[in-house]
Amino acid sequence: MIASSIIEEEAVERTVEDVVCTFCGCCCDDLIVSVKGNRIVDVRNACALGLSKFLHMNENRLLKPKIGRSTSAKDVSLSEAVDVVVDLLKNSCYPLFYGWACTSCEAILLGLDLAEALGGAVDNTSIVCHGPTILAGQELGLITATLGQIKNRADLIIYWGCNPVEAHPRHMARYSVYARGRFIEGRRMRKVVVVDVRRTPTARVADLFIEIKPGYDYEVLSALKMLVRDLDLEVDEVGGVAVSKLEELADMMVEARFGVLFFGTGLTMSRGKDKNVEAAIELVRYLNFKTKFVLIPMRGHFNVTGANEVFTWRTGYPVSVDFSQGYPRYLPGETTAVDILRRGECDLFFVVASDPVSHLPRRAVEHLNNIPVVALDPKITPTVYISDVAIPVAYTGIEVEGSVYRMDTVPLRAKKIVDPPQGILSDVDVLKMILERVGGRM
Amino acid sequence: MSGKGRLKVVLITGRSVKQGVSKDVSKFFDEYSEAITTCEMNPADIEVIGVPNGGYIDIVSPYGSITVQVKSSSDIPRGVLFIPYGIAVNTLIPPDTEGTGIPRSKGLEVFVTPSNKRVSDVRSLIESIGGVR
Amino acid sequence: MGKPILIRNGIVYDPMNNIEGEVMDIAVKDGVIVEDIDERGAKIIDASGMLVMPGGVDIHSHIAGSKSNIGRLLRPEDHRRSYEPRTATTYSGVGHSVPSTKVTGYRYARMGYTTVFEAASPPLKQKHTWEELNDIPIIDKAALTVMGNNWFIMDFISQDRIEDAAVYAAWLLKATKGYGIKIVNPGGVEAWGWGGNVFDLDEQVPYFGITPREIVEGLCRVNSILNLPHTIHVHVNRLGMPNNCWVTLRTAHTIRRAFGGGRFLIHITHCQFSGYAGSTWTTLRSGAEYIAKYVNSVDHVTLDIGQVVFTDTTTMTGDGPLEFRLFQSLAGKWANADVEVETGAGVVPVRYSRRSYVGTIQWAVGLELALLVRDPWKVCLTTDHPNGGPFTAYPRVVSWLMSSKARSRVMEKANRRALKYTVLPSIDREYTFTDIAIVTRAAPAKLLGLRRKGHLGVGADADIAIYDLDPRKVDPSSDYRIVRRALRRAAYTIKGGCIVVVKGEVVEDISGRSIWVDVGVPDDKIGELLKEVKPRFEEFYTIKLSNYPVPEDMLIESTPIRVNPSI
Amino acid sequence: MRILFKPITPFKIPVDLSPITPDNIDGMDISEVRSLQVMVGSKRRRVDEVFSIEVADEGGEEIDIVFMGDFSRARGIGSKMSRGSITVKGSGGVRVGEYMRGGRIVVEGDVDHWLGMAMRGGSIYVKGSAGSYIGAPPKGSSKGMRGGSIVVDGDVGECIGAYMRDGSIEVRGSVGLFPGLRMLGGTIVVYGDCMGRAGARMRDGRVIILGRVGSVLPSFQIEEVRPSVRGVRERLDGPFYVFQGDLSEDGRGRLFISKPSNPELEIFEKFL
């Protein structure tokens, strides 16, 4: 301890600029990271969430590959762990590869190779956050823009069912409400509307806050669609909102020169799910007959968007791909991870860069009682804790570089800032080792 | 529909700063456990249930039940219970996806009652899922 | 690169070297075509009775990048209709009109194509384009960089700072590993940022004090200053609207008017979509005759046809307002994706029906352009994949070009009223094999400035297509079906000296080169300009300047072509 | 001919049963049937490696397939069938009767999502409950159910009859949200309750609900009260509130909602 602090004292501090933040879908690329020796000591420009990730990355880390669940786990070498994983994979008939939220596109591509080589199913975490956005996009198409369009042009900003103050803390300052662009000089040239079921911290900055009854987004969006199309409503109140207030909002939308509807899991996870997003898309379609309007999903984990992009270019489908017939197949409800788990269909669960044990419904993950679980993660997550084999990997975007996509599909290169702990490889390298051993193409 | 001490509410899950900040430290540290086992409700509803602010409640859905601490917040409308994403609340969420692949994590109807149990232990929730052997 | 190859007794069509159906041997060593090789240890391909051509070169095809991926995302139904299972050598994939990456490469290779240019990539998203191009196997690829609505380019041109525009363009190409200057609906896509459009050459672009004419002329000057291997590649204003052939002609002519020809050239891409006369959709007429007449009379204009094929396909373009209009008339799916500071994009699925009046006119316009422009060196065969139809339809298009009988067969079932307003029924020109070799290989390679592609001379890349088709025995005019079938599945495709396709099946899954243009503008000149640009760059964009460029190590087999600009 | 298929061991991973249909088996002798191949997870297996097969009845022109056991992990039972019949003595899994054109399927247990996906004809009868997207086209496509009839005795999920153009769906139990989503024609009858949003974005067709409805979308307008309405094979007694919609999509569909079951809808009567 003393020795290492002396080494640190002596080490020269260096700073790495324009670092891409690896926390949320904003992927802010202006972080300034100070490094002493091989340790990150300070991160400037980051929000509380990003800062926490950088500064606490080494806490509770998985440092050795392990075999066995929780307390009966024992440390093994990487090659032993890989041997076991390869054996498990070779003996499986229908493995499910899941995760891919917090890693690079390079790793995701290897995950697809692996799933294809083994005839398994592969899904990414976006299915349980903005999966409905994708489903709605397949139905109608998304009407979207990169965030710079908002920064430079948007005079009406609507946050619907999302709470950037807590989930995307720099979103408003960097990309929307407070940002200065070519045609918009800042907050006073924009109107801000928040629609939510509770008065979130985001709602406090709004010019207009509309509180709707939980689960009534679809009704409210339908009513807005009617109003924007100049059709009459017979009711006085929709989803707990007075029609007069909706008329106010509809007028604001139509009168905007460039409007944007940012929407979050308030739409995608509440009843109606993808149909809520479809209603939002249809509303924006009609708005485009009168003015310029776009919508942008507030994507969560830093590279979920990248997972969708990689899945789409390789397999044609953005999520939930089943290779059991030798080619990509996709049907929500059938090839989606939660449904495969719910029906207890997979005979192996392979998790990379995410924590399904914490974030999927318990009734679905209970199937993990019956089948082997393999996890690749930098940290000891609950999923790692209960997995039969866990292999530590380096942090993408901190310890290894890689390609990532921001929430608006702008591609970025995440940087390497420090070295990973001794003996720990990137998930790309580990996946390559496994792929080679199961007879996949490289 | 809801007698004294028992209330039917709509469950909303979401991100909170505390949950977000602590999840990348460790999901085994108290701070995170605390973040994901603390729910927010309207003060009037808390009064109906009959627990003090900071007291404990059981949340029951058809799929499971958990015990959490309740905090009063006037930003939450009546009839709504907000709790951050995490393993605790996922005990309550239905596994059916209605053909969309995504379970309904917001807007589920649940019952809350005062509790004299301890707050759900995150570690034992994890172990019970993993069938630790 | 494999061992040396000797292709024996093939019937060779190599228009760039004036070889027209000569029976000869072609030797390949170390990935290039050589004078001769030692036959011992060489792989001998008996090509007697077979047609041998350089590997196909596609000058304009949307195969990779943000909007292709939006197209894929939008169309699960398109994927279910066409899929290829994994084999011992190939990956699986899906997609009829927007194929996934792996099968895109396989399908091109199966048709004997070895080089494909992604037609439009916004610089901000060019990392995405390269990631997809990296995943497309076998073929060599490059991407054209969209600049026609770029704020910095427009600002420099409107301030008469042409040299700075040139330096900025050079940096853009270098930073994004782009190949050439693509202009999409100049000014119109910027106006689409406000939901508007620009409809003519002299209309003002809102807030920029510039007109499409100035953008096209300015970028043409930039192109010439930078000495780029390809000309400016222009998707004109009003594309896809009735009566747009006049804008097309004015756009082409403005180059001549401003510069008087010489090195100042223009490539009008997917010209079919901008070759309409008649003022409304119901009175739509073909404008191909007017365009062909002009192109025949000048030598600064080239074009690719953007042929429409009767099928279900997916349109995608940087021309956001165009896709919105298309959506208004079709009311189906519509995706829009504006890109800050640079461009937009839109995707709309369409179905071209031969029973439809408009569909038939569109089909005829493409073929009329190809048949009425006399010099095949000015024409490239494209379907503007997937806008006019997927690239897998090229053999069909070839059959229409080579056989008036094949055209008549279509016309029998096409919309009769539409045919009355086209001249196609009266055209009896039929392409020869040399013509086909020109429009599918030699001309695109020449226009793109690819010296080692599109021909079979010594020193050329060993990209060779061999088709099981004896041009001496098959009369394409009557046996167009045989031609079509042969072109669909090459007997052999050789890419960079490696046999990748045998009898229409992929036998080797290799990766192709990533070609880009490294403009030799001095670093200090670029540095100086970027210093000035940086504050504004970071005000307008949402990413830092330093995170904008595509690092060269992202490219598989990076192959820069160095050019020396006159700066 | 009646053939019984019984899994040798219960399915633990998905099994694609789409090759075992009367159409495919027609004209085969029993040894050919045994050598048919099905996908078990990612592995190709002969049918007789997976099932014990028994010919119960040699007679009869028609082929009658009986699946005995739990098929909740099966996929595509009765896929594209056009004749004969399939009986599942147990549960049926996903995509039962997808692209069906004729014949009859009876499932004695429950089925999962996508029952009768993009069905064209024939009939399906499920004695248990069913999942979501009954008769709906697969994602991305807009060609839904075009004919035939589906009857489910139990409860069903969401979005039943999405993009339906013709044919009928009858549910004896209750339905989730969005019955008749984007419907273009045909009839849906719900004998139980409906969670709400019936007929969302429908253009045409009829949705009849005899139980309670959660709510009526604001984009529907009341037209009249009718004493009774024609169901699929019988007249249904009401009275019914008749709504027209979905007006936000210029639809002319009809929503029939039982008046006795929904007293709170009385407020709409003032618009009549």
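Restricting to region A:89-126, what's the tally of residues that are assigned to a helix (DSSP H, G or I) and more than 14 Å from chain D (Cβ to nearest Cβ)? Give the steps one after another, and end with the answer.
First pass over region A:89-126, keeping only residues assigned to a helix (DSSP H, G or I): A:89-90, A:105-118, A:125-126.
Now narrow it down to the ones that are more than 14 Å from chain D (Cβ to nearest Cβ): A:105-113, A:125-126.
Adding up the residues that qualify gives 11.
Does B:ILE129 qualify as being of a type outside the set (Phe, Trp, Tyr), facing chain A (nearest Cβ under 9 Å), over 16 Å from the mean Cα position of the chain (by Cα) and within 17 Å of A:ARG271 (Cα to Cα)? No: the conditions fail for B:ILE129. Candidates in region D:37-52 are the residues that are surrounded by 17 or more Cβ atoms within 10 Å (Cβ to Cβ) and away from chain A (no Cβ under 14 Å); of these, the one that is farthest from A:ARG329 (Cα to Cα) is D:PHE51. Within region D:150-164, restricting attention to residues that are under 18 Å from D:GLY192 (Cβ atoms) and of a type outside the set (A, V, I, L, M, F, W, C), the residue that is surrounded by the most Cβ atoms within 10 Å (Cβ to Cβ) is D:GLY161. Listed by first and then second residue, the pairs with beta-carbon distance under 7 Å, at least 6 apart or on different chains, first residue in region C:508-526 and part of a strand (DSSP E or B), second of a type in the set (Gly, Ala, Ser) and surrounded by fewer than 18 Cβ atoms within 10 Å (Cβ to Cβ), are C:SER514/C:SER558.
Applying a threshold of 6 Å to beta carbon distances and a minimum spacing of six or more residues, or different chains, the list of pairs starting in region A:15-35 at a residue that is outside any loop (DSSP other than H, G, I, E, B) and ending at one that is buried (at least 24 other Cβ atoms within 10 Å of the Cβ) and β-branched (Val, Ile, Thr) reads A:LEU31/A:VAL19; A:VAL33/A:VAL19. Selection of region A:90-100 for residues being among the hydrophobic types (A, V, I, L, M, F, W, C) and surrounded by fewer than 24 Cβ atoms within 10 Å (Cβ to Cβ) yields only A:CYS93. In the set C:PHE310, C:PHE324, C:PHE264, only one residue is farther than 20 Å from C:LEU401 by Cβ, in a loop (DSSP other than H, G, I, E, B) and in contact (Cβ under 8 Å) with a residue 24 or more places away in the chain; that residue is C:PHE264. The residue that is farthest from the chain's Cα centre (by Cα), among those in region B:108-126 that are assigned to a loop (DSSP other than H, G, I, E, B) and among the small types (Gly, Ala, Ser), is B:SER115. What do you reckon, is D:ILE124 in a strand (DSSP E or B), crowded, with 19+ Cβ neighbours inside 10 Å and either out of contact with any Cys (no Cβ under 7 Å at 6 or more places or on another chain) or among the hydroxyl-bearing types (Ser, Thr, Tyr) (or both)? In short, yes. Residue count for region D:20-36 satisfying the condition of being within 19 Å of D:VAL94 (Cα to Cα) and either of a type in the set (A, V, I, L, M, F, W, C) or exposed (fewer than 15 other Cβ atoms within 10 Å of the Cβ) (or both): 1.
Residues in region D:42-67 that are more than 27 Å from A:CYS346 (Cβ to Cβ) and charged (D, E, K, R): D:GLU54, D:ASP57, D:GLU58, D:GLU61, D:GLU62, D:ASP64. Here the condition is being acidic (Asp, Glu), under 20 Å from A:TYR94 (Cβ atoms) and over 14 Å from the mean Cα position of the chain (by Cα); of D:ASP70, D:ASP57, it holds for D:ASP70 alone.
Quick grid of which residues meet (1) surrounded by 24 or more Cβ atoms within 10 Å (Cβ to Cβ); (2) not small (Gly, Ala, Ser):
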{"position": "C:LEU265", "(1), (2)": "no, yes"}
{"position": "C:GLN272", "(1), (2)": "yes, yes"}
{"position": "C:THR302", "(1), (2)": "yes, yes"}
{"position": "C:THR311", "(1), (2)": "no, yes"}
{"position": "C:ASP319", "(1), (2)": "yes, yes"}
{"position": "C:GLU323", "(1), (2)": "yes, yes"}
{"position": "C:LEU326", "(1), (2)": "no, yes"}
{"position": "C:ALA335", "(1), (2)": "yes, no"}
{"position": "C:VAL347", "(1), (2)": "yes, yes"}
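Cβ separations smaller than 8 Å between residues 6+ apart or across chains give the following pairs from region A:45-58 residues that are at the interface with chain B (Cβ under 9 Å from one of its Cβ atoms) to residues that are of a type outside the set (S, T, N, Q) and part of a helix (DSSP H, G or I): A:ALA48/B:VAL17; A:ALA48/B:GLY20; A:ALA48/B:VAL21; A:LEU49/B:VAL17; A:LEU49/B:GLY20; A:LEU49/B:VAL21; A:SER52/B:GLY20; A:SER52/B:VAL21. Would you call C:VAL365 assigned to a helix (DSSP H, G or I) and surrounded by fewer than 24 Cβ atoms within 10 Å (Cβ to Cβ)? Judged against the criteria, C:VAL365 is not a match. Among the numbered conditions (1) touching a residue at least 12 places away in the same chain (Cβ under 8 Å); (2) over 24 Å from D:PRO14 (Cα atoms); (3) more than 23 Å from the chain's Cα centre (by Cα), the only one that A:PHE289 does not meet is (1).
Pull up region A:56-89, narrow it to residues that are charged (D, E, K, R) and closer than 20 Å to A:VAL428 by Cβ, then point me to the one that is surrounded by the fewest Cβ atoms within 10 Å (Cβ to Cβ). Applying the filter and picking the extreme gives A:ASP83. With the structure loaded, tell me whether C:VAL410 is under 29 Å from C:ILE181 (Cα atoms), out of contact with any helix residue (DSSP H, G or I) (no Cβ under 6 Å at 6 or more places or on another chain) and in contact (Cβ under 8 Å) with a residue 60 or more places away in the chain or whether it fails that test. Here the answer is no, as C:VAL410 does not meet what is asked.
Within region D:123-154, the set of residues being within 14 Å of another protein chain (Cβ to nearest Cβ) and of a type in the set (D, E, K, R) comprises D:LYS139, D:LYS143. Inspect region C:296-306 for any residue being among the polar types (S, T, N, Q) and touching a residue at least 12 places away in the same chain (Cβ under 8 Å) and give the result as yes or no. Scanning region C:296-306 turns up at least one residue that is among the polar types (S, T, N, Q) and touching a residue at least 12 places away in the same chain (Cβ under 8 Å). Residues in region A:311-354 that are facing chain B (nearest Cβ under 8 Å) and surrounded by fewer than 24 Cβ atoms within 10 Å (Cβ to Cβ): A:ARG342 alone.
Of everything in region B:72-107, what is part of a strand (DSSP E or B) and of a type in the set (A, V, I, L, M)? Give them in sequence order.
In the first step, residues of region B:72-107 are kept if they are part of a strand (DSSP E or B); the result is B:72, B:80-84, B:106-107.
Across region B:72-107, the qualifying residues are B:VAL80, B:LEU81, B:ILE83.
Against the list (1) over 19 Å from C:ASP140 (Cβ atoms); (2) surrounded by 24 or more Cβ atoms within 10 Å (Cβ to Cβ), the condition C:ARG81 fails is (2).
No value in this document is a laboratory result; all are computed from the given coordinates. Computed from a predicted structure; not experimentally measured. Heads up, the Cβs are rebuilt from the backbone with ideal geometry, glycines too, and the neighbour counts pull from every protein chain shown.
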